[in-house]
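K.L.:
Dropping the structure in here first, questions after.
The values are calculated or read from the model by the stated rules, or taken from the named source; none is laboratory data. Only a predicted model underlies this, so the values are computations on that prediction, with no experimental measurement involved. Cβ atoms come from the backbone with ideal geometry, glycine included; neighbour counts cover every protein chain shown. Ligands, DNA and RNA are excluded from the accessible area calculation, which covers all protein heavy atoms including side chains. Shrake-Rupley method; radii C 1.70, N 1.55, O 1.52, S 1.80 Å.
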Number of protein chains: 2
Amino acid sequence: MENAAITFGARDDKKALEENPVFAPKFDANGLIPAVAMDAESKEPLMLAYMNEESLKKTLELGEAVYYSRSRQEIWHKGATSGHVQKVKEIRTDCDQDALIVYVEQHGAGACHTGRNSCFYRVVDVEKGTDPTALSFNDADRTFDPAAVYGK
Amino acid sequence: MENAAITFGARDDKKALEENPVFAPKFDANGLIPAVAMDAESKEPLMLAYMNEESLKKTLELGEAVYYSRSRQEIWHKGATSGHVQKVKEIRTDCDQDALIVYVEQHGAGACHTGRNSCFYRVVDVEKGTDPTALSFNDADRTFDPAAVYGK
């Protein structure tokens, strides 16, 4: 595999993890790291998914977001079915390198399997002081028909 | 406990989870849901942490971000030590309600224990085509002295 060429840094020194310019991502007990895809232009969150080591390396090689599907237990090249690929503009990692922000250019009509631009289309408006278990729709308008795109 | 008054929705109907205006967050096998704190004004990501059911309810009650510290295994009212509380402006949940975006007004000098405004201060610039394991600093300037704030 080509991505054997990418070798991440060691994680044995906490201070180095925080302050060194070396990418040393932490994969959890299930081999996963959370990755939040954000629209590179609008800065709106699109989705939160997970990557394993192989999918992160594929993401770096392809320049397109590749996740690991926990439900299907397989590598998930986002957009392979729908055409809605995510061109990666920038990846950020956090202080202890156990989370990723992936700024993307979302191709096609949207990131969400429900037919919306973003998966984060519902809001709990804490300041309103209303029932905190009621959600309002933030971006409810569908941008595509999931039945037409995914054929289900 | 006061937060016994908050009751989240049921999670037995996938379609309802996606389309109903009812907050029914999913806590994983460890009882946690990932929560990404974002600056409500700049829309920049600040940190990714986790909430358990109790800390999410406390967040809704207080209007300030309360996480669950995996390392300390305890409820973590962000800013209780540093004074850097996060006033919650809005919470968004995603299609299957297993992730949260928390838009906050970050009080004090910053969100990160390293003394920076954001934990996401390092960047893998995928488009440059350079070594993908090298990181550059995005927001490296410290906004506060962690030793002075945390006393360690």
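K.L.:
Go ahead and collect, in residue order, the members of the range B:18-32 whose backbone nitrogen is under 13 Å from a label point 7 Å along the Cα-Cβ direction of A:R70.
P.N.:
Counting only backbone N, you get B:26-32.
K.L.:
Let me ask something additional. Pairs of alpha-carbon atoms within less than 8 angstrom and 6+ residues apart define the contacts here; what relative contact order does the range B:44-127 have, in percent?
P.N.:
Worked out over the range B:44-127, it gives 24 percent.
K.L.:
Ignoring ligands, DNA and RNA, please state the percent of accessible area on the range B:1-73 from carbon and sulfur, probe 1.4 Å.
P.N.:
Carbon and sulfur together cover 46 percent of it.
K.L.:
Going by alpha carbons, how many degrees (0 to 90, nearest 10) lie between the helix axis of A:53-62 and the longest principal axis of chain A?
P.N.:
Roughly 80 degrees between the two axes.
K.L.:
Related question: How high is the relative contact order of chain A, in percent, with contacts defined as C-alpha pairs under 8 Å that are six or more residues apart?
P.N.:
It comes to 19 percent, rounded to a whole number.
K.L.:
Could you tell me which GluC sites (Glu not before Pro) in the range A:12-103 are loop residues by DSSP with no more than 14 other beta carbons within 10 angstrom of their beta carbon?
P.N.:
A:E41
K.L.:
At a temperature of 4 °C and a viscosity of 1.567 mPa s, determine how fast the protein assembly as shown diffuses translationally according to Stokes-Einstein, using the Kirkwood radius over alpha-carbon pairs as Rh; express D in µm²/s, rounded to the nearest whole number.
P.N.:
Result for D is 65 µm²/s.
K.L.:
Sum -39500 (n - 2.57) across every DSSP H segment of at least 4 residues in chain A, then divide by the residue count to get the 222 nm mean residue ellipticity, nearest 500.
P.N.:
-3500 deg cm²/dmol
K.L.:
When chain B is turned about an axis onto chain A, which of its residues keeps its C-beta closest to that axis, and how many Å is it?
P.N.:
Checking which Cβ lies nearest the axis yields B:K43, 2.
K.L.:
If I take R0 = 30 Å and measure r between the Cβ atoms of B:T81 and A:E19 in this structure, what FRET efficiency does the formula 1/(1 + (r/R0)^6) give, to the nearest 0.05?
P.N.:
0.90
K.L.:
What's the Kirkwood radius of the range A:16-135 in Å, using all Cα pairs?
P.N.:
Evaluated on the range A:16-135, it is 15.3 Å.
K.L.:
Compute the distance in nm between two label points, each set 7 Å from the Cα along the Cα-to-Cβ direction, one at B:K26 and one at A:Y150.
P.N.:
Using points 7 Å along Cα→Cβ, the separation is 1.2 nm.
K.L.:
Here's a follow-up. I'd like the trypsin sites (Lys or Arg not before Pro) in the range B:31-124 restricted to DSSP loop residues with at most 10 other Cβ atoms within 10 Å, sorted by number.
P.N.:
Passing both the DSSP loop test and the Cβ count: B:R72.
K.L.:
What's the average, rounded to a whole number, of partner chain beta-carbon atoms within 10 Å of each residue's beta-carbon in A:93-105?
P.N.:
Across A:93-105, the average partner-chain Cβ count within 10 Å equals 5.
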